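See below for the structure under consideration.
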Amino acid sequence: MNKPAWYYLVLLILAGEAVFILPFVLPRIFRPTVLDVFEMTNLNYNLGVAIYGIIAMVSYPFGGPLADRFPPRKLIAVALWLTALGGILYARYPDLDTLKILYGYWGFTTIFLFWAPMIKATRVWGGDTSQGKAFGLLDGGRGLTGALFGVLGVFVFAAFLSSDVQEVTLAERQNAFAYVIYVASAIIVFIGILVWLFMKSNVDETKILVDRITAKELKQVLKLPSVWLLMVIILCSYVGYKITDVISQYANEVMLYDQVKSAQVGTFLQFLRPTTGIVVGLLVDRFRITFWLLSSLVFCVVGGIFFATGVIGPSTTVLFFISVVIIGVGVYAARALYFGVMREGRIPLVLTGTAVGLISLVGYTPDIFAGPAYGYFLDAYPGERGHQYVFWMLTGFSAMGAIAAFIYFKLYNKN
């Protein structure tokens, strides 16, 4: 089977992060600012985000088989355009009920049309020998794209403030952040155009697509132990990823950084993602990819303990950044690798979309419960104590994920 051209992966990388810029990347980098301009508590905003997870759960099992029937280019491009359209409403700072509708809409555009096609296209690009490279470069490249959006967002936000961020009015902050949203939306539309025009594979699509998915294929996928283990591994890893959303808020509330500096911490975290993904992608195919996955979850446990035990505060700046690096490396390495082990787990390429849909149905349930859970802790226990509870949550889930990853490693290490 011929391998798609290098620019196929580049466009996949750009699209893979651009589609999540509005619902997740901007709120992660600008966490204190988003709560400010929307005039919402952590819990209320995350209740809106939770609707995304509910719609995503419905979209995963139906969107997965879609990726096994149709080429990814058109599905991905349409998903980008529809997602960018939601930015118009987002920039108007809707109330909680409308925000729930918007995040539900984004749950459909980013998952039903986009998620499984992206994973399958990456697996096709990796072929028989470069799965770690393909998924490592995908997530690393997505991280770089997100970090660059973060840098651009901070620049645009600061450029449209007339004075120091602490002195401007709420209306001025809302106006400045609206420009950030509009610029991001325009770039997402442009990337969609590039995908539609140029992301064309030289692979014979008849070898990786099926006419329809029946109960026989579903049973074939569900019989695989790797599918069930990946459900647990991804669920636990994704809790850690969701909790990285609060690190910029930790910088603001515990380290006492202002909104611009806390956003810079969030951007720094974003730059760890491409570094980790690229390094892992270039090295992992020389070793056991399942061992690297296990190691990444152990990193999450170690980093989570540093934050959860309360040893990090305004006077421990170096330890703060070391702990951010440990958690960032662990979380981003896990994200880069957990779909990269599908081949070792004997999941058929032609049924990748269906398998991804079923795995994701369980694996991404943190989109429903993680945000409200840590939002409750942060609101009910203001300050450092609430953050400690959040990071104990990260530590516990990471430990469970490490156990599942160890079983996966032992089960498929012989093959």
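Only residues that are of a type outside the set (Lys, Arg), part of a helix (DSSP H, G or I) and over 13 Å from Gln131 (Cα atoms) were counted across region 319-351, and they come to 18. Taking residues in region 25-44 that are farther than 19 Å from Leu148 by Cβ, and partners anywhere that are basic (Lys, Arg) and open to solvent by 10 Å² or more (accessible area, probe 1.4 Å), the pairs with Cβ atoms closer than 7 Å and at least 6 places apart or on different chains are Asp36/Arg173; Val37/Arg173.
Condition test on Ile368, is it in contact (Cβ under 8 Å) with a residue 40 or more places away in the chain, surrounded by fewer than 20 Cβ atoms within 10 Å (Cβ to Cβ) and among the β-branched types (Val, Ile, Thr)? Yes; evaluated as a whole, the condition is true for this residue. Applying the criterion of being of a type in the set (Val, Ile, Thr) and open to solvent by 50 Å² or more (accessible area, probe 1.4 Å) to the residues of region 379-415, the residue that is farthest from the chain's Cα centre (by Cα) is Ile407.
Give region 103-145 a look and list any residue that's outside any helix (DSSP H, G or I) and closer than 13 Å to Leu9 by Cβ, or say none.
Gly127, Ser130
Return yes or no: is Val189 over 26 Å from Ala77 (Cβ atoms) and either open to solvent by 40 Å² or more (accessible area, probe 1.4 Å) or out of contact with any Asp or Glu (no Cβ under 9 Å at 6 or more places or on another chain) (or both)? The answer is no for Val189. Arg123 passes every criterion in (1) of a type in the set (D, E, K, R); (2) over 30 Å from Pro348 (Cα atoms); (3) touching a Phe, Trp or Tyr at 6+ places or on another chain (Cβ under 9 Å) apart from (2). Among the numbered conditions (1) open to solvent by less than 20 Å² (accessible area, probe 1.4 Å); (2) assigned to a helix (DSSP H, G or I), the only one that Ile312 does not meet is (2). For region 284-303, the set of residues classified as open to solvent by 50 Å² or more (accessible area, probe 1.4 Å) and out of contact with any Gly (no Cβ under 8 Å at 6 or more places or on another chain) consists of Arg286, Phe287, Arg288, Phe291, listed by residue number. For Tyr93, the criteria (1) under 30 Å from Pro348 (Cβ atoms); (2) surrounded by fewer than 18 Cβ atoms within 10 Å (Cβ to Cβ); (3) modelled with pLDDT of 90 or more; (4) aromatic (Phe, Trp, Tyr) hold in every case but one, which is (1). Count of region 212-271 residues, restricted to those that are in contact (Cβ under 8 Å) with a residue 24 or more places away in the chain, in a helix (DSSP H, G or I), among the hydrophobic types (A, V, I, L, M, F, W, C) and open to solvent by 10 Å² or more (accessible area, probe 1.4 Å), is 9.
On the stretch given as region 1-47, residues that are farther than 23 Å from Leu349 by Cα and either of a type in the set (Phe, Trp, Tyr) or open to solvent by less than 50 Å² (accessible area, probe 1.4 Å) (or both) total 26.
The values are calculated or read from the model by the stated rules, or taken from the named source; none is laboratory data. Being a predicted model, the structure only gives us computed values, none of them experimental. Backbone-built Cβ (ideal geometry, glycine too); neighbour counts: all protein chains shown. SASA here: full protein model, heavy atoms, side chains in, ligands and nucleic acids out. Shrake-Rupley method; radii C 1.70, N 1.55, O 1.52, S 1.80 Å.
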